4 protein chains.
Amino acid sequence: MQFQLRDYHDPDFSSEIFKKAPDATLAVVGQDGVAPDDYHATTIFPEYFKIDGEWLLAKQSRMDCAAVLEDGQIAVREFRHLKAGDQVVVGRSEDGSEGIYVHVDGFDDVRQANGETFVFRQGRNRETSFSMDYDSLYEQLRYEKDHGYIVWVLGPACAFDADSRTAFARLIEHGYVHALLAGNALAVHDLEASYKRSALGQDIYTQLTHPHGHYNHLDTINRVRQCGSIEEFIKEEKISDGIIYECVKHQVPLVLTGSIRDDGPLPEVYANAYEGQDAMREHLSKATTIIGMATTLHSIAAGNMTPSFRVMDDETVRQVYFYMVDISEFAANKLGDRGSLSARSIITNMQDFVVQTSKNLVNS
Amino acid sequence: MQFQLRDYHDPDFSSEIFKKAPDATLAVVGQDGVAPDDYHATTIFPEYFKIDGEWLLAKQSRMDCAAVLEDGQIAVREFRHLKAGDQVVVGRSEDGSEGIYVHVDGFDDVRQANGETFVFRQGRNRETSFSMDYDSLYEQLRYEKDHGYIVWVLGPACAFDADSRTAFARLIEHGYVHALLAGNALAVHDLEASYKRSALGQDIYTQLTHPHGHYNHLDTINRVRQCGSIEEFIKEEKISDGIIYECVKHQVPLVLTGSIRDDGPLPEVYANAYEGQDAMREHLSKATTIIGMATTLHSIAAGNMTPSFRVMDDETVRQVYFYMVDISEFAANKLGDRGSLSARSIITNMQDFVVQTSKNLVNS
Amino acid sequence: MQFQLRDYHDPDFSSEIFKKAPDATLAVVGQDGVAPDDYHATTIFPEYFKIDGEWLLAKQSRMDCAAVLEDGQIAVREFRHLKAGDQVVVGRSEDGSEGIYVHVDGFDDVRQANGETFVFRQGRNRETSFSMDYDSLYEQLRYEKDHGYIVWVLGPACAFDADSRTAFARLIEHGYVHALLAGNALAVHDLEASYKRSALGQDIYTQLTHPHGHYNHLDTINRVRQCGSIEEFIKEEKISDGIIYECVKHQVPLVLTGSIRDDGPLPEVYANAYEGQDAMREHLSKATTIIGMATTLHSIAAGNMTPSFRVMDDETVRQVYFYMVDISEFAANKLGDRGSLSARSIITNMQDFVVQTSKNLVNS
Amino acid sequence: MQFQLRDYHDPDFSSEIFKKAPDATLAVVGQDGVAPDDYHATTIFPEYFKIDGEWLLAKQSRMDCAAVLEDGQIAVREFRHLKAGDQVVVGRSEDGSEGIYVHVDGFDDVRQANGETFVFRQGRNRETSFSMDYDSLYEQLRYEKDHGYIVWVLGPACAFDADSRTAFARLIEHGYVHALLAGNALAVHDLEASYKRSALGQDIYTQLTHPHGHYNHLDTINRVRQCGSIEEFIKEEKISDGIIYECVKHQVPLVLTGSIRDDGPLPEVYANAYEGQDAMREHLSKATTIIGMATTLHSIAAGNMTPSFRVMDDETVRQVYFYMVDISEFAANKLGDRGSLSARSIITNMQDFVVQTSKNLVNS
């Protein structure tokens, strides 16, 4: 199976309904961080706004934001970033009648084009057949490695197991990871594994608990903080394997965002959740494929700020894919239930997912 | 069944082992936020440090912190709060031989005292018999209402359901909530329910989705931000029911900590995760009973900073109880697995838990 | 809220499409237990078959069976019960064009009739608001107590907990249980509780394990087998409480079906799974409301043989309701996913469900 | 890592306690299927009974049965198989004092022998590191293929997915399956896949639902029943792949036990649950490694009748291993919680488990 992007077609702006539509209405922000009444909230879909008779596409979108007219372009901005004086689109119709058009079906449906009439079974659970999903994901990642931007969102469990940790490190090494979003815990557990061969004091292969093992965790954090940065710690302690090590070695951007569960934290961690969101969005706005694994917090956060499409440098519009890998149906399907993104869920233990994916991509 | 605290007995410091023990060794912090080598890390248990021949109890403890000698007392401090020049206890023995004694069995075991030899079945799951846990919890909360400090840690789901939201509001109204720890989402969903009768646009009783319902969520946040505070929003919009409303009305402290999943956030939310931790710990260090419901993030965070005991104003030492209510065994048992606290898990949908608890406490 | 049945309207057989339709085709069974080629398989909906120019409703239906013409009526029969010579309807169209009409929307939708356009959120999970479901279920059970036939399908966990066991016993006592379907384990655990106050040797209230407690389970089974029947055991051992006791006392039919997990079994248990199915169907074909709790095996089995409607003695057609109570979304939603019945799932620990339901129905 | 069996050491019968012990007491069964008062119930461990001054090992044991003296040997028999006149061991001490000795620690602990003092973390969940378990399982299966008897207990989900179905078929083909225990559903879904490329009408690779797909399931059952046996169906329909096909081709014994959820059933299915148990036990009493996957019903049933040891033909005693693979901690750990067997749980989607296991064993 060859991975193939669906074609995107623009709305037919020559049709009467678009021509007759009024310009979008703008209102001025009166108070920092607060939108004017009747503001339009963006969605995950491509959206067009009629400005001075022209339909402008908001290029870097995400849901639940305000549409701000700025330098003749539409910027999509979180409410907290609105400034007094910003010009914000108002109106809640999405069919063009208020100068706002949400394009929900811009990508051609290949199956329908082939005249197939089969229907997908609703809902995905542990008994869904995942063979095809794996195969198509492998194809896709091979394509994206060179033509896209692959963002991984990682829960701490990936570092608890020797094989999954190594498998993910190899994916980084071979170019399948363009940015890594995670929390303090993933980095701490992985560095503990590099430094002490344990995670929370338990050997990541033999499952045996080291004597005074709980100190391994704290000692790792303390030592990194003493070094002043992860990079310096790696140098001083001659760390030579692991997820974080490979990120540093291959200059893969690493965004670590803090939470109230953190010990430490490591020096690189964003303490401020909203500065963390900004750093995440910077990478997600470039992403073409995102894979969230074994973390509800970070995956949902990523899903919330990821649109269903991306405008490439050559102005073509392409799909963005989101995979959610989790052992719990509730967690894996949560993005879909919130309507925040058309995410494909894979219900399994991420250890197996990442080991298999790595074997297929790196060895073949 | 009458709720009864277990007696606490001090270590027998007159015994030879304690008398012969050396003073605890102190080392000086050289770098802000970094502990000296071989630092001692605290646990959830009462810990005694021999200083100038005297055994001092660290009164406000929590696990995974440094023990700092300060004004003749032992302060238990997160590493990030260490300052250059602080005097920190070093040594990793816990049996007194290095002047550090961790008192793991200070509370008399009532059952053993009665000569009972029955054994508890290991592990708690959906099939555990919870009748006794409910009954003893009710007794305990009646006691704690007047003699203790009850801290609730709440996930957003409590505001999704009309009955559980009302049930919790009544608990606040009747004095069973001394502090509430939660995230931005709990507050937003609850205020949306007060303001629009929906949560994420869905009616919290009829389950029907309101037209343009997803705007209810954003409109609520935007309006609170416009008002500048939750309290002002309640006043201006004449809010008259709900969890947050009752907290404000009855001056129950509300600590809202931010996360990367947040929309908004509301003005009161701590953006900085570690300032949020400090605010949480302020209440948890006073707590005698903590109940975490349907939130892994906030409950584990709370568990991490909660000791197994509290020193009361009259210098007596009493137990601290932690209940973890979750529908997932994995989540509910996680605190126990990490060894961070002796938490009792109750495996159910928190809607039912809170409705029943409220009926039993408030109506009887 | 007053419980109200939806009206049922017959298909409009005066319309051209029904009048022009041919009689249904019949084929003769050639081999016991095997349907002829192209057999029609029944669904959960009311189905009409044109026989000699008349549209006959199959009155006691269930899905995945053959439609047999017998004495001028349509009997709905499992394939294993077909006999050589039986006349079976063949044809796989469901729109009348082959003399077979499946009436999928026979019940008026009250909400639509009110002109409401709200949309139900898809999927039900732990965060669904269940308040309305509880309230409407209580109303419904009060109605069904006198006007319907309430069948409960019970997993063993109900007998593990003192309060849920008592709560269910009170529902029986007060007439809310017209038949009980369960397995050997439910009966064994409940009788052990009556006989020894334990379940699998663990006290159902204090959670303490009795000395030699695992013998309690085996001793109970052995004693019942010695007595020759549950009823005789109850008499000889002077049993005076519990689920099984109340069934016997109030002559509530009890169908116990065997499985390969059973110890014993008790004398009343159906060893043959398919004879067990027949016994279950006898009650399910009379059922108007079915509640499956904490058992996937028995609930799915019941769901498979339950139609969405029942023809009452006065020939009116009414809806049949199916509730599925389970702590796992996967289990609770499974009936819906298989399309076997329009089941309403409630995601919680059944202990809480049954305690609350009993309190609401029995005390008010 | 080389797979290595632990040595077994007999109890030291030369010691005083064994020499002074009385002969075991025997009582006569008075009523078919009922044990005499104070019967001894067997466990999963090797058990010795003093008969005429000799300590006899019960060679084919399982828990919760009676010990019957017969032809000078101890037979371990389910209560339902007891016959009036049988001589049954009575007494509930397990330390030899009543002539009954349960040998709980007969296998040398290799780790302890090496002087290791590490402690295993309690409980296994989704975050347990499973790398070592996989590696040791692969080693073990390579050994058992030639020296043991490997029994698989399979849930229906294995046939829902193209890759896992093929992977398991290859394990059979290459000799890693000595007996297969499953239900009607596994066989039906697998044969539907062979016959129609779907499971319950859904393509097992593309996930698309076939037109009139639900008939695929029923048509498969009907056709097998028409053929009179699975073997005849395979011949007549020229079936050439799948799990059942490989079992038939390689003469791997297949025990299909019925349940109340079954459609059909297929001709080979045991309708009587207890005859099914007997057929299962026949294979389990020979088993040296058992792997239960994605079925609670069949795995627990198998676990209940599997001892922790097997007496080989040369009279040596060796360990029996039980693996429980399930995506739910509750299900995977259930055997351990019931104390029925020392089972090792692996928490993941069985699709991934079986695909990886097959790749490692068959390709290497």
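The mean number of Cβ atoms from other chains found within 10 Å of a Cβ in peptide D:259-271 is 6, as a whole number. For chain D, the relative contact order works out to 18 percent when only alpha carbon pairs closer than 8 Å and six or more residues apart are counted.
A cut-off under 11 angstrom between Cβ atoms defines the neighbours of residue D:32, and their net charge, with Lys, Arg +1 and Asp, Glu -1, is +2. Ranking D:248, C:153 by solvent-accessible area of protein heavy atoms (1.4 Å probe, all protein chains present), from largest to smallest, gives D:248, C:153. Mean per-residue shielding of peptide D:201-211 is 5, counting Cβ atoms of other chains within 10 Å of each Cβ.
Modelled this way, with points 7 Å down the Cα-to-C-beta line, the labels at residue A:23 and residue D:235 are 8.4 nm from one another. Quick one: grab the alpha carbon gyration tensor of segment C:193-251, order the square roots of its eigenvalues as a ≥ b ≥ c, and give me rounded if a/c is under 1.5, else prolate or oblate depending on whether a/b is larger than b/c. Cα axes put segment C:193-251 in the oblate bin. For residue B:50, a cut-off of 19 angstrom between C-alpha atoms picks up these lysines, skipping any fewer than 8 places away in its own chain: B:19, B:20, B:59.
Only Cα pairs under 8 Å and 6+ residues apart enter the sum, and on that basis the relative contact order of segment D:281-364 stands at 27 percent. Site pair residue C:251 and residue A:31 shows an inter-label distance of 7.2 nm when each label is modelled 7 Å from Cα along Cα→Cβ. Ranking C:272, C:296, C:22 by how far each Cα lies toward the positive end of the dipole of chain C (charges on Cβ) leaves C:296 at the top. Could you work out how far the C-alpha centroid of segment B:215-236 sits from that of segment B:279-303, in angstrom? Segment B:215-236 and segment B:279-303 have Cα centres spaced 26 Å from each other. Largest accessible area first, the residues D:318, D:223 order themselves as D:223, D:318 under a 1.4 Å probe with ligands, DNA and RNA left out. Under 5 Å between amide hydrogens, built in the peptide plane, is the criterion, and for residue B:74 it picks out B:59 among residues at least 5 positions away or on other chains. Estimated at the nearest 10 Å², the accessible area of residue D:235 is 140 Å² with a 1.4 Å probe.
Residue C:55 exposes around 40 Å² of accessible area when a 1.4 Å probe is run over every protein chain in place.
Work out the mean other chain Cβ neighbour count within 10 Å for the residues of A:154-165 and drop it here as an integer.
Taking all residues of A:154-165 together, the mean is 3.
Segment C:1-72 and segment D:42-86 have Cα centres separated by 57 Å. Potential lengthening of the chain between residue B:282 and residue B:146 amounts to 47.0 nm, from the contour at 0.36 nm per residue minus the alpha-carbon distance.
Taking a ≥ b ≥ c as the square roots of the eigenvalues of the Cα gyration tensor of segment B:256-364, is the shape rounded (a/c under 1.5), prolate (a/b larger than b/c) or oblate? Rounded, since a/c falls under 1.5. Bridgeable lysines around residue D:145 (alpha carbons under 20 Å apart, same-chain partners fewer than 8 residues away excluded): D:249, D:286, D:359.
Between residue A:105 and residue B:14, the simple spin-label model (points 7 angstrom out along Cα→Cβ) gives 8.8 nm.
Could you tell me whether segment B:24-104 comes out rounded, prolate or oblate from its Cα gyration tensor? Rule is a ≥ b ≥ c as square roots of the eigenvalues, rounded for a/c under 1.5, then prolate if a/b exceeds b/c, otherwise oblate.
Prolate, because a/c is 1.5 or more and a/b exceeds b/c.
Using C-alpha pairs under 8 Å with a sequence gap of at least 6, the mean separation divided by the residue count of segment A:132-259 gives a relative contact order of 28 percent. Close amide H pairs (under 5 Å, H built 1.01 Å from N) link residue A:322 with A:290, A:344, residues at least 5 positions away or on another chain. The residues of segment C:166-206 expose, per residue, 24 Å² of accessible area to a 1.4 Å probe. In the context of the full protein assembly, residue B:147 retains an accessible surface of approximately 110 Å², using a probe radius of 1.4 Å and ignoring ligands and nucleic acids.
The values are calculated or read from the model by the stated rules, or taken from the named source; none is laboratory data. Computed from a predicted structure; not experimentally measured. Quick reminder, even Gly has a Cβ in these numbers, built from the backbone with ideal geometry, and neighbours come from all protein chains shown. Protein only, heavy atoms only, side chains kept; ligands, DNA and RNA dropped before computing areas. Shrake-Rupley method; radii C 1.70, N 1.55, O 1.52, S 1.80 Å.
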